Amino acid sequence: MKVRPRLKGRSVDPKALQEVQALLGSEPRRRDLLIEHLHRINDRHGHLAAAHLAALAQELRLSLAEVYEVATFYHHFDVVKEGEAAPPALTVRVCDSISCELAGAKELLERLPKILGKGVRVLPAPCVGRCEAAPCVVVHQNPIANATAESVRAAVQKKELRCAEPKHVDYAQYRKQGGYKLVADCLAGKRTRDAITKIMEDSGLRGLGGAGFPAGRKWRIVAAEPEPRLMAVNIDEGEPGTFKDRWYLERDPHRFLEGMLVAAWCAGVGEIFIYLRDEYAGCRAVLERELAKLGKEPPCALPPIHLRRGAGAYICGEESAMIESIEGKRGMPRLRPPYVAQVGLFNRPTLEHNMETVFWVRQIVEQGAQWFASHGRRDRKGLRSFSVSGRVKKPGVHLAPAGITVKELIDEYCGGMQDGHRFYGYLPGGASGGILPAAKGDLPLDFDTLQAHGCFIGSAAVVILSHRDRAAAAARNLMKFFKEESCGQCTPCRVGTAKALALMDEKKWNQPLLAELSQAMMDASICGLGQAAPNPALSVMKYFPQEVS
């Protein structure tokens, strides 16, 4: 029998192995850290070369296929195959999602390659979470607000490649303001888990990532599961039109961290993982430093807290896909049941929360359940952080009573419509929440209200359209986003979004076929992406038939 001179498989280049080992240093070689290690290589070299991927596979004792499938899944990893040229040293990403498209992203995508030169790569990008500053262009990691071709060229020429650190309440300031007293009291026995959980239940606080599940009830469900229990905090707000988590994180990160710790204590959680989208480089720098300060001078005993970095995948906003990503895998949603509260991160019971949900915990406990519940209009309870963008004078995050209408939101909080623009329609819940006409502008914006109209509030991302816009064009933009962000796991979503976009590209829509396709996607898709992707198209056919007939 002929003996192989070497093991079957790709040989590892010694120089590449040495470089990877130097980058990883003393970091553990665990599977769940695969994405973190890929970031280290990508950040250092500007791409992922085949030789480095092979070396990393050897270091982690994984097959090359396992490393390669993860590296190629995420948008922010530049995988270069053998024989291919490395990408240009600088990448400029132009957000082309709905708010930025309304503000002129298409023109920027046409003009920038001509004025930036061959040494710069210009790419369209899905929503970067800065819709209030549309159009937004990201030069390496530096977001350029209200970008023009000239402002982007100036940033490139000056090599302004890093995100400016946002001004925020740091650890010392937060402690002076009474911060971390609540969680310290909890661990000192001055508060009980049941009492704080009851406050959250009485306040009516619901999950603010989109699903709206009652927060206090979720704590009780997880606490009833066997130990050890884990917590995963979702800050991967990739829904076009949504930027509220970033808004609060940039201003008061420790209020979020304390709320997270209280929630973890109430649910009996022993370890916490924070999943932050890669587009928020400035927030990541703040969190890394503030977590270090918190760990150096802790107000009480703290559980282990891990900050994990996303890599550009909208699907990882779905809770089980996020958990897969934290585990170092492709962000593929899991079939349910079991639910993550039972079998979640590393197969342990997991408390999953959106960042803004726990951001409110301290204030609700200190001011009482009634304080939060007393806000609201039209018999709704609580406050909502509306991410408002589009054709208004004052886009941004506006804290308003639950149950407010979009007309009231525009007039009372957003300074009215932009000059020369008349209110025409709106997205009440981001890309997947559907599109409603101005005639439906008196509907209360809250959970369980808009479903009867084929829409939902989701994460309260409100995009305002004017008479100069077309709802059909907005729906095409959103379907294109869903097509590009589908993880590809299930056929109804992977094929359905592509087919739907092709149908919507026609001047006259084949409405019966599009409706039939939409129903198949809603019935058979594994997760919310495919299930909700048809909402904008269905809304246009229902409320704006003149645009597609």
A chain fully extended from Leu123 to Lys159 at 0.36 nm per residue, minus the present Cα-Cα distance, gains in nm 11.2 nm
Once amide hydrogens are built 1.01 Å from N within the peptide plane, the residues lying 5 or more places from Thr405 or on another chain with amide H under 5 Å from its amide H are Leu445
Rg from C-alpha atoms of the range 360-502, normalised by the globular rule of thumb 2.2 N^0.38 Å, equals 1.16
FRET efficiency for His467 and Arg61 from the Cβ-Cβ distance with R0 = 41 Å, rounded to 0.05, comes out at 0.10
Note to self: C-alpha centroids of the range 300-363 and the range 34-75 sit apart, in Å, by 22
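What full-extension length gain, to one decimal in nm, is calculated for Gln18 and Leu399 as 0.36 nm per residue of separation minus the Cα-Cα distance?
Gain in length upon complete extension: 132.0 nm.
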Projected area averaged over all directions for the convex hull of the alpha carbon atoms of the range 55-135, nm², comes out at 7.0
Of all C-alpha pairs within the range 1-101, those more than 25 angstrom apart amount in percent to 27
Exposed-loop cut sites defined as GluC sites (Glu not before Pro) in DSSP loop states with at most 11 other Cβ within 10 angstrom; longest site-free run of the chain spans 85-505
Rounded to whole Å², per residue accessible area for the chain with a 1.4 Å probe reads 42
Short to long, in 10 Å steps from zero, the percent of alpha-carbon pairs of the range 343-401 per bin is 18, 34, 28, 17, 2
Filtering the chain for DSSP H helices with an axial alpha carbon extent of at least 18 Å and a Kyte-Doolittle mean of at least -0.5 returns 253-266, 281-296, 471-485, 491-504, 511-524
Semi-axes in Å, largest first, for the range 54-195 (Cα gyration tensor, √(5λ)) are 38, 27, 15
With +1 at each Lys and Arg Cβ and -1 at each Asp and Glu Cβ, the charge dipole magnitude of the range 263-344 around its Cα centre, to the nearest 20 debye, comes out at 100
Calculated from DSSP helices alone, with each H run of at least 4 adding -39500 (n - 2.57) and the total divided by the residues of the chain, [θ]222 nm to the nearest 500 comes to -12000 deg cm²/dmol
Share of accessible surface on carbon and sulfur in the chain, whole %, 1.4 Å probe and ligands ignored, is 51
One point scatterer per Cα, no solvent, Debye formula: log10 I(q)/I(0) for the range 296-444 at q = 0.10, 0.14, 0.18 Å⁻¹ comes out as -0.55, -0.96, -1.15
Taking placed amide H atoms and a strict 5 Å upper bound, the residues 5 or more places from Ala125 or on another chain that come that close are Val94, Cys95, Asp96
Averaging 1/r across every pair of distinct alpha carbons in the range 142-193 and inverting yields a Kirkwood hydrodynamic radius, in angstrom, of 14.8
Projecting the Cα atoms of Ala211, Val262, Leu276 onto the charge dipole of the range 205-296, where Lys and Arg contribute +1 and Asp and Glu -1 at Cβ, the residue farthest towards the positive end is Val262
Given pairs Lys508/Lys542; Lys244/Lys407; Lys483/Lys507; Lys106/Lys407 and cut-off 24 Å on Cα-Cα distance, the over-length ones are Lys106/Lys407
Per residue, the convex hull enclosing the alpha carbons of the range 182-324 has a volume in Å³ of 115
Computed on Cα atoms only, the convex hull of the range 281-382 has an orientation-averaged projected area in nm² of 9.6
For the range 241-304, the Kirkwood Rh over every pair of distinct alpha carbons, in Å, works out to 12.8
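What's the extension gain from Ala452 to Asp379 if we count 0.36 nm per residue and subtract their Cα-Cα distance?
The span from Ala452 to Asp379 would gain 24.5 nm if fully extended.
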Amide H proximity to Leu90 below 5 Å, modelled H, separation 5+ or other chain, gives Arg121
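The values are calculated or read from the model by the stated rules, or taken from the named source; none is laboratory data. Remember, it's a predicted structure, so these values are computed and weren't measured experimentally. Ideal geometry is used to build each Cβ from the backbone, glycine not excepted, and the neighbour counts take in all protein chains shown. Surface areas here come from the heavy atoms of the whole protein model, side chains and all, with no ligands, DNA or RNA. Shrake-Rupley method; radii C 1.70, N 1.55, O 1.52, S 1.80 Å.
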